[in-house]
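Asks: My questions all concern the structure below.
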Amino acid sequence: MANTKGQGIRQREIDKCLKSERGYSTAELMEKCNNELRVRGYEEVTSRNTITSDLDEITTVYCVEIEKIRIGRNIRYRYEDRNFSIYKTPLTDGQKEQLKEIIESISIYEGRPQSEWLSGFTEEMKSILEIDSCDREKVVGFDNNEKLVGLEHFKPLIDSIRHRKAVSVKYRSFNSPEVEQVVFHPYYLKQYNNRWFIFGEKNDRTDLTNYALDRIVTLSESDVLYRPNNGKYDFSTYFDDMVGVSRKDGKPVTVRLWISAFRYPYIKTKPIHKSQKEIKLNEDRSAEIELNVILNLELESRLLYYGPELKVLEPDALKNRIKKKIEENLKNYL
């Protein structure tokens with residue numbers, strides 16, 4: 001089976017080589033592809049069959065002739081028409097319609113704080129694809145915190161991650177008046193509860209740290225050599241067993257909750273966590289549910305939000321913490 005990871009990157013590099021007069025062997029094409037894949041953090045190709053499959057696909061999909069030139073024992077490949085490129089082929093009517101639908105779909109994100117670039121991009125694409133760019137009535141609204149500070153750091157952090165650059169950060173947490181200055185290796189941006197967090201490693205530590213963007217005082221590029229993630233943290237699954245962004249060293253535990261009859265339809269359709277499952281539906285339509293999550297402050301805040309319509313049954317440690325917070329809150333009204 002062909003290696004499909006990084007296929008677009010491979011075919012772009014192959015396309016460049018096929019336009020040359022000299023032609024390239026499969027070994028040379030594989031080396032060119034791997035150089036680019038390595039820079040972009042993709043898995044390298046280990047079999048020439050993958051390159052051969054890419055050549056066959058280019059020939060089939062783009063209906064182009066690829067010449068085979070024999071140089072001694074080696075065979076080199078090049079386009080018969082050296083002016084051809086897979087990126088110069090005209091779009092079919094069907095492809096244009098699909099792109100129009102995509103452009104219209106992503107337009108709903110215009111106006112979000114981290115998407116200032118989107119308006120210019122969509123207008124340019126509409127012009128190219130001849131899409132009507134007249135004003136449209138807005139039909140989708142996003143829950144944005146318009147007063148949220150720190151969004152100016154969003155694009156520089158994205159650029160640092162993409163270009164593998166360490167950054168110098170001055171950071172002031174809510175719990176300390178002192179400003180912390182660190183060299184930071186950014187890996188991943190995550191939004192939670194209308195705030196953005198950057199995950200990465202401090203230069204003098206090897207565990208994962210996160211900073212809220214609205215607490216970053218200054219951000220600048222650092223000369224320190226970037227320390228890449230290289231698969232150490234899989235952010236596609238990292239947040240699966242928790243609510244929010246605070247992991248620490250916790251392990252997932254079973255959390256059992258009672259939900260009132262009034263609130264259960266809401267929680268059933270909008271789960272507290274994706275692990276949520278119904279354990280018991282009582283005669284009065286109240287319910288007992290289970291979660292499998294890490295215990296953290298974000299989970300506690302979510303549970304407290306439902307007030308008397310939710311009760312923690314297990315574990316005792318979480319039940320006691322919630323009880324203590326309710327008792328402390330009650331003192332404010334005595």
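Each value in this text was obtained by applying a stated rule to the coordinates, not by laboratory testing. Fair warning: this is a prediction, and the values are worked out from it, not measured in the lab. Don't worry about glycine lacking a Cβ; one is built from the backbone with ideal geometry, like all the others, and counts go over all protein chains shown.
Asks: Efficiency by 1/(1 + (r/R0)^6): what FRET value for HIS163 and ASN332, r their Cβ-Cβ distance, R0 = 45 Å, to the nearest 0.05? Mind showing how you got there, number by number?
Replies: Details: r = 49 Å, r/R0 = 1.09.
The formula returns an efficiency of 0.35 here.
Asks: Quick one: go through segment 202-221 and flag any residue whose amide nitrogen is under 19 Å from the point 7 Å out along the Cα-to-Cβ line of SER176.
Replies: In segment 202-221, the label zone of SER176 (backbone N under 19 Å from the point 7 Å along Cα→Cβ) covers 202-220.
Asks: May I ask you to order 210-221, 59-70 by the average number of other C-beta atoms within 10 Å around their residues, highest value first?
Replies: Numbers: 210-221: 16.6, 59-70: 12.2.
The packing order, highest mean first, is 210-221, 59-70.
Asks: Would you mind getting me the FRET efficiency between LYS16 and ASN210? Use the beta-carbon distance for r and R0 = 51 Å, nearest 0.05.
Replies: On the way: r = 39 Å, r/R0 = 0.76.
My answer for the efficiency is 0.85.
Asks: Which entries of LYS280/LYS311; LYS19/LYS88; LYS170/LYS232 have Cα-Cα distances beyond 18 Å here? Kindly include the intermediate steps, with their values, before the conclusion.
Replies: Numbers: LYS280/LYS311 14 Å; LYS19/LYS88 12 Å; LYS170/LYS232 25 Å.
Over 18 Å apart, Cα to Cα: LYS170/LYS232.
Asks: Efficiency by 1/(1 + (r/R0)^6): what FRET value for ASN83 and ASN292, r their Cβ-Cβ distance, R0 = 41 Å, to the nearest 0.05?
Replies: Working: r = 59 Å, r/R0 = 1.43.
Efficiency for this residue pair is about 0.10.
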